[in-house]
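The values are calculated or read from the model by the stated rules, or taken from the named source; none is laboratory data. Because the structure is a prediction, the values reported are computed rather than measured. As a convention, Cβ positions derive from the backbone with ideal geometry for all residues, glycine included, and neighbour counts pool all protein chains shown. Only protein heavy atoms, including side chains, enter the accessible area calculation; ligands, DNA and RNA are left aside. Shrake-Rupley method; radii C 1.70, N 1.55, O 1.52, S 1.80 Å.
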Amino acid sequence: MTVRFAALGDSLTEGVGDPVPGGWRGWAALLAPALSPDPVEFRNLASSGALSRDLLVSQLPTALALRPRYAAVMVGGNDTLRASFDLESTAHRFASVLSSLTAVGALPLTACLPDPGRLLGLPAPLARPLARRMRGVNAVVHALSAHYGAVHLHLADLPWTEHRDLLSVDRLHPSAAGHQLIAREFHALLATAGHPVGAAPARLAVAPPRRGADLWWMATQGTRWVAARSTDLLPGLIALAALEARHLLRGSARRLDLAEDRATAAVIARLTAPVPAPAPLSPPAPSPTHSPAPDPAPDPAPAATPTTG
């Protein structure tokens, strides 16, 4: 029987960093044929730059129409790079996507994402606000994945910075080797959980990024990537960095972390709180019973007429 697999997400799931003739391949395409010994029908709905609202509004309806057995749902990184970022809104959209997919019988595949500031090596006043946002999104993804029974990969914990060959030249997306690693990790999680998967994804030969490729990418494409986001992200990020710098100088930066942790915990509590069961309906009150009215008394017999003799 054919197994259907739909992939929802942004550039990570689209496959950026793993080029093939005609476009990108990526971890989801590598995982697809290994999801079952039977034929697998794969549909990649992910698109570069997608936000959580794009998954909910644009990608989810198509995925639901496919009625997939498996559905990859990876999102949140682009949300954190927007000046309008709001954790609660992102969390509600993510929860809606998971709820809708599980309602049609799909098993979601989710992952927490690496901190972009750490990958790019940004200075602390810039990196810490981004890291705080990413930590909040990941905490939400962890909690909602458990709540909806998703297979969750701790992708952020993989050795991205320790093994440079796992990252593409932009240092934000996995390389071909990195995409293969993600596919193998998801396959291992599914196999361990007892799902009837096929053989593990094959290890394909890949060439590591050339020396100096990072600089070449920044000169030819990276500047355009940064500029496209600067009009939205940069003004807000500068303000966040200024606030962070003041707290770092005062030694009070930990307060920002604690405040964000409390806000994140509150969002998670609201989204995972058990829905109270409706109160049982009270049986209808019995109708009052009335004793039947007594039959009317018979009319008295007419008095006898006296007779005279």
Hey, Val73 in a strand (DSSP E or B) and open to solvent by less than 10 Å² (accessible area, probe 1.4 Å) or not = yes
request  = Quickly run through the stretch 158-206 and pick out the residues that are among the acidic types (Asp, Glu) and open to solvent by less than 20 Å² (accessible area, probe 1.4 Å).
outcome  = Asp170
request  = Would you be able to tell me the number of residues in the stretch 84-128 that are without any contact (Cβ under 8 Å) to a residue 24 or more places away in the chain and either closer than 20 Å to Leu64 by Cα or part of a helix (DSSP H, G or I) (or both)?
outcome  = 3
request  = Just give me the residues in the stretch 26-47 being open to solvent by 20 Å² or more (accessible area, probe 1.4 Å), under 17 Å from Ile182 (Cβ atoms) and either of a type in the set (S, T, N, Q) or assigned to a helix (DSSP H, G or I) (or both), in sequence order.
outcome  = Ala29, Leu30, Pro33, Asn44
query = How about the stretch 141-198: which of its residues are assigned to a helix (DSSP H, G or I), over 21 Å from Ala265 (Cα atoms) and hydrophobic (A, V, I, L, M, F, W, C)?
reply = Leu155, Leu166, Ala176, Ala177, Leu181, Ile182, Ala183, Phe186, Ala188, Leu189, Leu190, Ala191
